Amino acid sequence: MTDHASSARGFDSLAVHAGQEFDPTTGAVIPPVHFSSTYAQDGIGGLRGGYEYGRSGNPTRTALERQIAAIEGGVHGLSFASGLAAEDALLRAALQPGDEVLLGNDVYGGTYRLIARILGPWGVGLRVVDMSDLAQVEAALAERPAKIVWVETPSNPLLRVTDIAGLARLGHAAGAVVVVDNTFASPALQQPLALGADVVVHSTTKYLGGHSDVIGGALVIADDALAEKARFLQFATGAVSGPLDAWLTTRGIKTLAVRMQRHSENAQQIAEVLDGHDRVARVYYPGLPSHPGHELAARQMSAFGGIVTLDLGDGASARRFAESTRLFTLAESLGGVESLVNYPDEMTHASVRGTELAVPESVVRLSVGIESVDDLVADLEQALAAL
């Protein structure tokens, strides 16, 4: 049997082959989806391949976990029913009552909600800082230690860029676990573990799945002990990927590299067209030289991603624009092959209204798909003309 996975070294090859050995019984090139909830034992405790019950393990989920670990350059991959389920398992694995999380001030609203409203009443503290300013991070850690330093880069939705290597040095010097939510960049464009992070978090719903047809989340963890704790929580609380969800995510990952290239190319062209447009107050996109994180992003990312955020000057204009596009669909989420427009203040980030993480009412977020870019530009221009 040819072991394609052991021959894979480059990212594109790992995305296609890691965890994806062909079926030894039939020769099927695509591994089967294992829907079984339980597994026959060869005598009591005689498990075949370690599989016992569907919550503790499933071969299709195992294949996905190996694939995700490989493309992130990590050892331990864990797959969950959603991104928030993955975050919850990690936070409970790493924290005890009295511990604190130092969180970026521009993150997904659900992450803030989970820490502040679910774990907060159980004694977990939360402080917020601009992670793109390492001096602020250093000062916050000097003032009081944090058990976890948690950052999104590029951030959601204002696309702030944080120096991952610098953050890792500060976090480790303070004894913290450094967590990077790599959902926006994806491992095709950015490798946080190689830059010193301890844990990578993903909403696999987004770019990894890539087709807006599956919900999922994942962790890739460098430390053996922390990974063991998170895997125990994955088993004990049961928020695991179902086999079909795992298979759909695996299928998406196989085209991740080529999709991210097209997402990035389209987003770059859209950002350049809209930058300086008389109806756009500001374009947030790391690929623009005017972006304050442009040079850093160019160093730690291989391309700038598929998210473009626009400030349209006021809330009324932002709402009208979001409701005027035709090819861009008004919907939450991001990272699919189709283009979406989102109004964060009332959609994805409604849970952080009135907090330090509140998103300006004048902002809309574009998830730029892989359609013909001329069509996308024309759609945005007609929506702007309607303002």
Kindly report, to the nearest 10 Å², the accessible surface of Leu126 as traced by a 1.4 Å probe over protein heavy atoms only.
50 Å²
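For segment 150-218, which whole percent of the accessible surface, found with a 1.4 angstrom probe, sits on carbon and sulfur atoms?
That share works out to 54 percent.
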Paired Rg and Dmax values of segment 171-250, which use every Cα atom, in angstrom:
13.7, 42
Helix 373-385 sits at what angle to the longest principal axis of the chain, using alpha carbons and giving 0 to 90 degrees rounded to 10?
40 degrees
Return one whole number: the accessible area per residue of the chain in Å², for a 1.4 Å probe.
41 Å²
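If you restrict to DSSP beta bridges whose two residues both lie in segment 126-220, what percentage is antiparallel, to the nearest 5? Could the numbers behind the result be given before it?
Values: 4 of 12 bridges.
Roughly 35 percent of the DSSP beta bridges within segment 126-220 come out antiparallel.
Return a whole-number percent for the relative contact order of segment 128-199, with Cα pairs under 8 Å and 6 or more residues apart as the contact set.
Working: 101 pairs, mean separation 23.1, N = 72.
Relative contact order of segment 128-199: 32 percent.
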Note the angle between two axes, namely the Cα long axis of helix 134-143 and the longest principal axis of the Cα atoms of the chain, as a number of degrees from 0 to 90, rounded to the nearest 10.
60 degrees
Give me the distance between the Cα centres of segment 98-140 and segment 315-361, rounded to whole Å.
23 Å
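Please work out how much length the chain gains when fully extended from Glu52 to Phe235, using 0.36 nm per residue of separation minus the C-alpha to C-alpha distance, in nm with one decimal. Don't skip to the answer; put the middle values down first.
Numbers: separation 183, 0.36 × 183 = 65.88 nm, distance 1.18 nm.
Stretched out fully, the Glu52 to Phe235 stretch lengthens by 64.7 nm.
Can you tell me, using C-alpha contacts under 8 Å and at least 6 residues apart, the relative contact order of the chain as a whole percent?
Numbers: 809 pairs, mean separation 63.1, N = 387.
Over the chain, the number comes to 16 percent.
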What FRET efficiency, computed as 1/(1 + (r/R0)^6) with R0 = 41 Å and r the Cβ-Cβ distance, is obtained for Glu346 and Glu143, rounded to the nearest 0.05?
0.75
Protein accessible area in segment 266-325, 1.4 Å probe - carbon and sulfur %:
42 percent
How large is the accessible surface of Glu361 in square angstrom, using a 1.4 angstrom probe and rounding to the nearest 10?
110 Å²
Just need the relative contact order of segment 340-387 here, percent rounded to a whole number, with Cα pairs under 8 Å and 6+ apart.
37 percent
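The values are calculated or read from the model by the stated rules, or taken from the named source; none is laboratory data. This is a predicted model, so every value here is computed, not measured. Cβ coordinates were reconstructed from backbone atoms using ideal geometry, including for glycine residues, and neighbour counts include every protein chain displayed. Side chains are part of the model used for accessible areas, which takes the heavy atoms of the whole protein and leaves out ligands, DNA and RNA. Shrake-Rupley method; radii C 1.70, N 1.55, O 1.52, S 1.80 Å.
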